[in-house]
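J.: Take a look at this one; I'll ask things after.
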Amino acid sequence: MSSNKQHFSASVIYLLLLLLSIATYQVAETMDKQISISIGVLIVAVIKAFLISEYFMQLKQVNGFWRWSVPIWLIILAIGLFMAFTF
Amino acid sequence: MNKKYPSGDLAVWIFIMAELLVFAIFFLAYAITRIDHVELFNTYQSTLDRTSALWNTLALISASYFMVRAVISIKVSQPEKAFKWALVALVMCMVFLTIKTLEFSHHISQGVTLSTNTFYMFYLSLSLFHYMHVWLGLIVLGVIARNIAKGRYSADKCTGAESGANYWHMVDLVWVILFPLVYIM
């Protein structure tokens, strides 16, 4: 990938991460605390963490075990948190 | 073409995975303990400064992005640009530490300790554990910036910078989960 493309994709991901963070905060500030909101916030957090691993840690460019190391960690954690919050 | 191993030193990746495992255990312990104390957790969660946490989130994400730019600049042989990006990443790291230190001092002035209640025990220990990682990140980013300034990295030889940047991304990634879990959910 050329450096210009890398700069561009990193910048797009950066803006997306900022927007998702601000949106999460806005939802928390304006809406009542409900389990559906908590699950929505968890899903957004998992998406943000996945974007960081894919584009900032560059796992997108890797094959095999390391490619899935962080996403598998994320999925297991998300399932655990989901179960704990919906129990 | 995809690579077999991620960028940076493999030993640092093993360290990162170990750290992620420890944080996951911490997060799950928090969530499982919350099951029996939902009201207590909701009540004391509302005493936390969510706005400061948002600014901290933006600071960490920005620092991560600036480190991505620094590493890319090293790889295209632009050390001056790389140094500037590493410096702004350092500033963002200091912004996080300043806000978090003020948050901790506010809690201490209110008499909050680890033994105040179960929520604060988790909140303080999780936050402090992450806070220590940010301090280590500050040192790592400082060393990277110094090495860039001294011309120790080149397009072919930047494993140290990549490893340090990956450590920093891990600190950011953990906060991205910690922020909603402790402050919002």
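J.: Treating only the Cβ atoms of Lys and Arg (+1) and Asp and Glu (-1) as charged, compute the dipole magnitude of the range B:67-185 about its Cα centre; round to the nearest 20 debye.
T.: Numbers: 9 positive and 5 negative charges, 90 e Å.
The calculation lands at about 440 debye.
J.: If you don't mind, another one. Counting alpha carbon pairs within less than 8 Å and at least 6 residues apart, what relative contact order, in whole percent, applies to chain B?
T.: Computed over chain B, the figure is 37 percent.
J.: Still on this model: How charged is the neighbourhood of B:V143? Take every other residue with its Cβ under 12 Å from the Cβ of B:V143, and add Lys/Arg as +1 and Asp/Glu as -1.
T.: Working: positive: B:R146, B:K150, B:R152; negative: none.
With Lys, Arg at +1 and Asp, Glu at -1, the net is +3.
J.: Still on this structure, please answer the following. Are there DSSP H segments in chain B that both extend 18 Å or more along their axis (alpha-carbon positions) and score a mean Kyte-Doolittle hydropathy of at least 0.0? List them, or say none. Mind dumping the intermediate values first?
T.: Working: long enough: B:10-35 (38 Å, 2.20); B:50-75 (38 Å, 0.85); B:79-109 (44 Å, 0.85); B:118-149 (46 Å, 1.32); B:159-183 (35 Å, 0.76).
Result, helices passing both filters: B:10-35, B:50-75, B:79-109, B:118-149, B:159-183.
J.: Averaged over every viewing direction, what's the projected area of the C-alpha convex hull for chain B? Give it in nm², one decimal, please. Before the final figure, lay out each step's value.
T.: Details: hull surface 45.1 nm².
Averaging across all directions leaves 11.3 nm² for the Cα convex hull.
J.: Another question about this same structure. Remind me, relative contact order of chain A in percent, using alpha carbon pairs under 8 angstrom and six or more residues apart?
T.: On the way: 35 pairs, mean separation 26.7, N = 87.
Relative CO of chain A lands at 31 percent.
J.: Modelling each spin label as a point 7 Å along the Cα-to-Cβ direction, I'd like the B:V22/B:S77 distance in nm, to one decimal.
T.: Each label point lies 7 Å from its Cα, and together they span 4.1 nm.
J.: My understanding is that a pair violates if its Cα-Cα distance is over 26 Å; which of A:K5/B:K157; B:K4/B:K81; A:K48/B:K157; B:K81/B:K157 do that in this structure?
T.: Numbers: A:K5/B:K157 21 Å; B:K4/B:K81 29 Å; A:K48/B:K157 30 Å; B:K81/B:K157 17 Å.
Pairs exceeding the cut-off: B:K4/B:K81; A:K48/B:K157.
J.: Size of the dipole of the range B:1-77 about the Cα centre, Lys and Arg at +1 and Asp and Glu at -1 on the beta carbon, nothing else charged, in debye to 20? The partial results should precede the final answer.
T.: Details: 6 positive and 5 negative charges, 102 e Å.
Approximately 480 debye in magnitude.
J.: Which residues' amide hydrogens lie under 5 Å from the amide hydrogen of B:K3, considering only partners 5 or more residues apart or on another chain, with H built in the peptide plane?
T.: Distant-sequence amide H within range of B:K3: A:V62, A:N63.
J.: Can you give the Rg to Rh ratio for the protein assembly as shown, taking only C-alpha atoms and Rh from Kirkwood? Each step should come with its number before you reach the end.
T.: On the way: Rg = 18.5 Å, Rh = 19.1 Å.
So for the protein assembly as shown, dividing Rg by the Kirkwood Rh gives 0.97.
J.: Nearest 0.05, what FRET efficiency do B:I108 and B:L40 give at R0 = 25 Å with Cβ-Cβ as r? It would help to have the intermediate numbers written out before the result.
T.: Working: r = 21 Å, r/R0 = 0.82.
Efficiency, rounded to the nearest 0.05: 0.75.
J.: Averaged over B:167-179, how many beta carbons belonging to a partner chain fall within 10 Å of each residue's beta carbon? If you can, show how the numbers build up before the last one.
T.: On the way: counts 0, 2, 8, 5, 0, 6, 11, 2, 2, 13, 9, 1, 6.
The per-residue average across the peptide is 5.
J.: Counting only other chains, and only Cβ atoms inside 10 Å, what mean value do you get across the residues of A:40-48?
T.: On the way: counts 2, 6, 6, 1, 2, 8, 3, 1, 8.
Mean partner shielding for this stretch: 4.
J.: Would you please give the FRET efficiency between B:T51 and B:A29, computed as 1/(1 + (r/R0)^6) with r the Cβ-Cβ distance and R0 = 35 Å, to the nearest 0.05? Could the numbers behind the result be given before it?
T.: Details: r = 27 Å, r/R0 = 0.77.
Here the calculated transfer efficiency is 0.85.
J.: With a sphere of radius 14 Å drawn around the Cβ of B:N2, what net charge do the other residues whose Cβ falls strictly inside it have (Lys, Arg +1; Asp, Glu -1)? Please list the in-between numbers first.
T.: Details: positive: A:K60, A:R67, B:K3, B:K4; negative: A:E54.
Value of the local net charge: +3.
J.: Also, quick follow-up: Just counting partner chain Cβ atoms within 10 Å, what average do the residues of peptide B:89-99 show around their Cβ?
T.: Working: counts 0, 0, 0, 0, 0, 0, 0, 0, 0, 0, 0.
Per residue, the average neighbour count from other chains is 0.
J.: Only sites in a loop by DSSP and with at most 16 other Cβ atoms within 10 Å count here; which chymotrypsin sites (Phe, Trp or Tyr not before Pro) in the range B:56-143 make the cut? Walk me through the numbers on the way to the answer.
T.: Working: sites: B:Y65, B:F66, B:F83, B:W85, B:F96, B:F104, B:F119, B:Y120, B:F122, B:Y123, B:F129, B:Y131, B:W135; in loops: none.
Loop-located and lightly packed - none at all.
J.: Roughly how many nanometres apart are two label points built 7 Å out from the Cα toward the Cβ at B:R152 and B:I139?
T.: 1.4 nm
J.: Cα centroids of the range B:91-151 and the range B:156-185: how far apart, whole angstrom?
T.: Measuring centre to centre over Cα atoms gives 14 Å.
J.: So, with +1 on the Cβ of K and R and -1 on the Cβ of D and E, and no other charges, what is the size of the charge dipole of the protein assembly as shown about its Cα centre, to the nearest 20 debye?
T.: It works out to roughly 980 debye.
J.: Still on this structure: Within chain A, which whole H helices from DSSP have a Cα span along their axis of at least 30 Å and a mean Kyte-Doolittle hydropathy of 0.0 or more, if any? Before the final figure, lay out the partial values.
T.: Working: long enough: A:3-30 (40 Å, 0.72); A:64-86 (33 Å, 1.58).
The qualifying helices are A:3-30, A:64-86.
J.: What whole number of Å gives the distance from the Cα centroid of the range B:18-77 to the Cα centroid of the range A:12-40?
T.: With the range A:12-40 and the range B:18-77 each reduced to a Cα centre, they are spaced 14 Å.
Read-outs: derived from the displayed coordinates by stated rules, not from any lab. What you see is a predicted model, and the numbers here were worked out from it, not measured in a lab. Positions of Cβ are generated from backbone atoms using ideal geometry, with glycine treated the same way; all protein chains shown enter the neighbour counts.
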